[in-house]
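Contents: one structure, followed by commentary.
The values are calculated or read from the model by the stated rules, or taken from the named source; none is laboratory data. The structure displayed is predicted, hence computed values, not measured ones. Reconstructed Cβ throughout: ideal geometry from the backbone, glycine too, with neighbour counts over all protein chains shown. Side chains included, ligands, DNA and RNA excluded: accessible areas come from the protein's heavy atoms. Shrake-Rupley method; radii C 1.70, N 1.55, O 1.52, S 1.80 Å.
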Amino acid sequence: MKYFVLLCCALMSFNIFAQTPQAGGGKGGEMPSDGVLSGFVYEKESGQPVEYANVVIYSKRDSTIVSGGITDKSGYFRIDKIRYGKFFVEVNFIGYGKHIIPELIIKPDKKEVNLGKVFLEINAEMLSEVSVEANVNQVDYRLDRKVVNVNQDIVSAGATAVEVLENVPSVTTDIDGNVALRGSESFLVLVDGRPSPVQGSEALQQIPANSIESIEIITNPSAKYDPDGVGGIINVVLKKEKRKGYNGQVSANYGTFNSFGGDALFNFRTEKINFFVGGNYGDRVFRGEGETHRKTFLTEDTTYILNSYSTNYRDRKSGSFRAGIDYYLNDNEIITVSGRYGLSGYGMGSEAWAGSYYDYSGIYKNFYYYLTENDMESNSSYFSGDLNYMKKFKKAGHELQLYASYSGDYDNELNTYSELETNHMRIPTGSTISEYRTLEKGSGNTLTAKADYVLPVFEEGKFEAGYQLKYTLTDNDLKYQTFVSDYWADDTSRLNPYVFSTNIQSGYALFSNFWKKLGYQFGLRTEYTDRLFHQTATDQKWAYNKFDFFPSVHVSYKLPADMQLLASYSRRLDRPRGWYLDPFIEYIDPNNLRQGNPDLLPEYTNSFDLSVQKKFGSNFVSLEAYARQTYNKIDRITVVYPEDQSMFLMTFDNIGEDLAIGSELMGNFNPLKWYNLNISGSAYYYELISENYNSGSTFSWRTRINNTFRIKKTGTSIQIGAHYSGPEIEAQGKEFASWMANIGIRQDLLDRKLSLSVNVRNVFVSMKHESISETDAFYLYTLRQPKTPIINFSVTYKINDFKSRKEKGVEQEVEGGDDGM
């Protein structure tokens, strides 16, 4: 709908200026034209700014159009070069009723008039008509972020946020559901602009796509945001209706391997209160297969060889409940209380047949064949409670926001391993020869308190400042048990309890303003980090304390021919997680161990972005260039275990620094009313510089394409897409290229109240993870891939004409976004 609205606005603006009398024409021709009209436009019911609203000035004498303008994303408008005289003003936007200011006088002693806040009311009947006709792009490109409109992604219906991101520029995903933002798996996840109690890819795997309104990708945030995540921020905006009355939405889905799920959202709105409640449950099952081939070079003439072939499964169960209430004390004060509670269960396992032997200069000896079963079962719960107070002062844009949050999570994980000897034909030759398990329990609690203040300064500028306290405490306990006779016995030498705490206090200041066509914003954030890792069994402690500074700069410039340019810089970091620091050696299986590094330092990144955008009608092209320099780079490292050279030890280290320089070209085209083409491609140079590990460079590229066909008469939409990721180098090897194709069909019925969808992902079973790691001491080849395509059926029903905010032309941005840039 956004580009439909832009086209309408562009046509209206053209019509406005086409009818505007030229200077010196008519009775008012000799009047000076140095008058200015400004103000803000908001939605009356929600108090949210209305972007792209039309402001038209009419002559009081003959009702001819004198001038006009359009609001920006903060609802602000400014119209200059208005001649002296008497006028009336009309403010309108598609889906809203008109607002008329009956008299406006511009004269020598009153050249500049500020209308303050103008409120528009939703016209439900008109809105319904517009929603049917308008097409919303799957991805909207902006100067500071990319906005993914989830309702337009047919292929992800019934899936999660991870599947939504598969076809988004700057984002890559793998077969395990892991997400990377411009090549980095370090990013900050926000839900409705607030930190999620669960972070990273795990958070995105638990959010159903049907409950999401949009996802915002911010690769270079300002100093207002937490600096965590070198890749940037992924903000998930959940659906929440803002119109008066009662409405809602329910969805259900079923797919391959008996995967199923459902979600519901209900909303009730009065003059003073907006109450919403929602919940979801999902059980998603995946089946795959893989193989590994490894060689350990023991001496010049002796090599240990291990080959294995496996089938594996992943079963993720998750459910959550959320509720909240917005209470409007008056037109300028809002209190919001909200909370979330979730449960998740994750099962993962594999059955593998392996054979090992020694190669003595071409003479093979000591053959050993065996079957293994490795199962992991994890159950966790989390909760969060939020309290937010928003105060809007008389002057437009003058705001104070106070926020407090308390969240926690609890985890229980059980890993079981068994090994059975066989012959070379995979026939068992004896009883189970090895059987053990690990039990791990952990909990974490986070307290966050912050204050944000915004003060408009000068004519269009603003000053922002804030303070935040964030305290996190995590404790973990691991037990190793072996099966003896008929019971599980603790191995007291392998107990691993620890406590991990972080206390982070931060403050920031931002100043932004405009000078002619140039917009600029400068920011600085400072943080003090107090980190302590305490292994309680040995009473060993590792402390880390440091002051850090995180500057940011954003500059925008409006070019001719409806083009815009933005340059930005920010400094960010990636903090090591608790288990990254744990020095205890943990057995994964008889061939693999894991150990953390308590001396691990945070990873720091300097990030630069440059982008230019061009709109022409309902079409859009964006070109971005970026550079990212990372120091103290954290990576997973595999080494041969010194005490048993048949085993591998996986650990973490600050391997050195890297440099990524790339560009992204993105386009959205509507060559026909019923056809939309969304295409993007990126190419980048990557260099890894390390004294102790693999150094090198590579040039790689990625591309993705989405074709959407809409048959208006039948209410049918068809989407066909694919994406490709080129090969990449790693600290100890390389990862091979991979690609995937998807198709989805959606049928709208009952005046769009009912939607039926079917989609097939990974149509050709081409998605895979294939890599090689090698050093002077070992060689490792790994291949894992799904067994079949993933098929999913989904049904959604809207109660009482539930509509997302996107359909109303108003978007819910990350609070405190880079407005005006």
Could you tell me the center-to-center distance, by alpha carbons, between the range 695-717 and the range 529-605 in angstrom?
32
Normalised alpha carbon radius of gyration of the range 603-738 [divisor 2.2 N^0.38 Å]:
1.48
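Give the average over all directions of the projected area of the C-alpha convex hull of the range 563-659, one decimal, in nm². Spell out each step's value before the answer.
Details: hull surface 37.5 nm².
One quarter of the hull surface, i.e. the mean projection, equals 9.4 nm².
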Summarise the accessible area of the range 523-648 (1.4 Å probe, protein heavy atoms) by the percent that is carbon and sulfur.
56
At 222 nm, what helix-only mean residue ellipticity would the chain give, in deg cm²/dmol to the nearest 500, using -39500 (n - 2.57) for each DSSP H run of four or more?
-1500 deg cm²/dmol
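Over the chain, give the accessible area per residue in Å² for a 1.4 Å probe, as an integer.
Per-residue accessible area for the chain comes out at 43 Å².
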Cα extents of the range 33-126 along the three principal axes, largest first, in whole Å?
40, 26, 16
Can you report the principal axis dimensions of the range 438-581 using only the alpha carbons, biggest first, rounded to whole angstrom?
81, 31, 20
Karplus (6.51, -1.76, 1.60) ³J(HN,Hα), θ = phi - 60°, over the range 106-120, in Hz, Gly and Pro reported as x
10, 8, x, 8, 8, 6, 10, 10, 10, 6, x, 9, 10, 10, 10
Which entries in the list LYS392/LYS462; LYS479/LYS541; LYS111/LYS614; LYS110/LYS272; LYS673/LYS768; LYS107/LYS392 go over 26 Å, if you measure between the two C-alpha atoms of each?
LYS111/LYS614; LYS110/LYS272; LYS673/LYS768; LYS107/LYS392
For the range 270-338 and the range 354-399, what is the separation of their Cα centres, given in Å?
9
Nitroxide proxy distance, nm - points 7 Å out along Cα→Cβ at ARG577 and LEU455:
4.2
What angle do you read, to the nearest 10 degrees and between 0 and 90, between the alpha-carbon axis of helix 2-19 and the longest principal axis of the chain?
20
Using all alpha carbons of the range 339-434, what is the percent of pairwise distances in each 10 Å bin, ordered from the shortest bin to the longest?
12, 21, 17, 14, 12, 10, 8, 6, 1
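Assign one of three labels to the range 193-332, namely rounded, prolate or oblate, based on the Cα gyration tensor with a ≥ b ≥ c the square roots of its eigenvalues; rounded applies when a/c is under 1.5, prolate when it is not and a/b is larger than b/c, and oblate otherwise.
Since a/c reaches 1.5 but b/c is at least a/b, the shape of the range 193-332 is classed as oblate.
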Roughly what % of DSSP beta bridges within the range 445-496 run antiparallel, to the nearest 5?
100
Relative contact order of the chain, pairs being alpha-carbon contacts under 8 Å that are 6 or more residues apart, as %:
10
Here P(r) for the range 374-513, Cα-Cα distances in 5 Å bins, as whole percents, is 2, 8, 11, 11, 11, 8, 9, 7, 7, 6, 5, 4, 4, 3, 2, 1, 0
Just want the answer: with Cβ charges of +1 for Lys and Arg and -1 for Asp and Glu, which residue in LEU688, PHE608, LEU623 is farthest toward the dipole's positive end in the range 600-695?
LEU623
For the chain, the Cα-Cα pair-distance distribution in 20 Å bins from 0, as whole percents, is 14, 46, 30, 9, 2, 0
Sorted by chain and number, the residues with a modelled amide H under 5 Å from that of TYR96, at a separation of 5 or more or across chains, are ASN123
Restricting the count to DSSP beta bridges whose residues both fall in the range 533-687, what percent are antiparallel, rounded to a multiple of 5?
95
Ranked output for segments 98-108, 346-356 by mean other Cβ atoms within 10 Å, highest leading, reads 346-356, 98-108
Nearest 10, in degrees from 0 to 90: the angle of helix 124-133 to the longest Cα principal axis of the chain is 60
For the range 243-308, with only Lys/Arg (+1) and Asp/Glu (-1) charged at the beta-carbon, what is the dipole magnitude about the Cα centre, in debye rounded to 20?
660
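For the range 664-749, with all protein chains present and a 1.4 Å probe, just round the carbon and sulfur fraction of the accessible area to a whole percent.
64
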